[in-house]
């Protein structure tokens, strides 16, 4: 699948989650109590992150872990990690180029009616019903991933947890398996992120996986 999710300032790397990825000594402290499967996932993601940083000409330092398991990036770096079904990816940019970003991967499968109602507002569901090619439940899976990408970019800038109904996503498909989306904060007391309440992203999907990416510009 193409990973054309971000502007040129962002480096994206991917990997299969398997044995062999090494951790920085400082990251070992966080992995010490993990089970084997979680450790492989953690190590693969951190290895992806360091490769992405090196592609930008940045030192590949440790990516530690903060509140809500948020990755803590080295000074001068913004980034995001994702893991799903044996796959991991990292997206990294210089903090001088972007205020924040988020990447998310999910298994491609329709949401249940209950999950769709929990994740999407009635207005979002009405909009999904009007889209061609896919069922609202399949489009809803892309909305879920887009909201995960939004949260990954938003939380490091604000320290505020936002729920699924605190933002609304509008999908703009270019095709059944690719397109753009807009994300808008609708919770009145949710603070701006880098002075913004509207954000832009892209999505890609195939028969196996959904990928979304979102950027928060620096103005």
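Yes or no, residue by residue, for (1) touching a residue at least 60 places away in the same chain (Cβ under 8 Å); (2) farther than 26 Å from residue 199 by Cα:
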site	(1), (2)
57	no, yes
93	yes, no
103	yes, no
115	no, no
126	no, no
132	no, no
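Every residue in region 148-167 that is within 21 Å of residue 95 (Cβ to Cβ) and either over 15 Å from the mean Cα position of the chain (by Cα) or exposed (fewer than 14 other Cβ atoms within 10 Å of the Cβ) (or both), please.
Start the filter on region 148-167 by keeping residues that are within 21 Å of residue 95 (Cβ to Cβ), which leaves 149-160.
Listed by number, the residues that qualify are 158, 159, 160.
Counting the residues of region 168-177 that are surrounded by 14 or more Cβ atoms within 10 Å (Cβ to Cβ) and either at pLDDT 95 or above or out of contact with any strand residue (DSSP E or B) (no Cβ under 8 Å at 6 or more places or on another chain) (or both) gives 5.
A quick yes/no check of all residues on (1) under 19 Å from residue 154 (Cα atoms); (2) surrounded by fewer than 16 Cβ atoms within 10 Å (Cβ to Cβ):
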site: 33; (1), (2): no, yes
site: 39; (1), (2): no, no
site: 45; (1), (2): no, no
site: 58; (1), (2): no, no
site: 66; (1), (2): yes, yes
site: 72; (1), (2): yes, yes
site: 82; (1), (2): yes, no
site: 87; (1), (2): no, no
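Would you point out which residue out of 16, 43 is at negative phi and touching a residue at least 40 places away in the same chain (Cβ under 8 Å)?
Working: 43 fails: touching a residue at least 40 places away in the same chain (Cβ under 8 Å).
Of 16, 43, the one residue that is at negative phi and touching a residue at least 40 places away in the same chain (Cβ under 8 Å) is 16.
Annotation note: of 137, 99, the sole residue that is outside the structural domain of residue 205 (by TED's automatic domain parsing) and at pLDDT 95 or above is 99. Filtering region 180-219 to residues that are surrounded by 15 or more Cβ atoms within 10 Å (Cβ to Cβ) and outside any strand (DSSP E or B) leaves 190, 194, 218. Residue count for region 66-84 satisfying the condition of being on the phi < 0 side of the Ramachandran plot and part of a loop (DSSP other than H, G, I, E, B): 5.
The values are calculated or read from the model by the stated rules, or taken from the named source; none is laboratory data. Because the structure is a prediction, the values reported are computed rather than measured. Ideal geometry is used to build each Cβ from the backbone, glycine not excepted, and the neighbour counts take in all protein chains shown.
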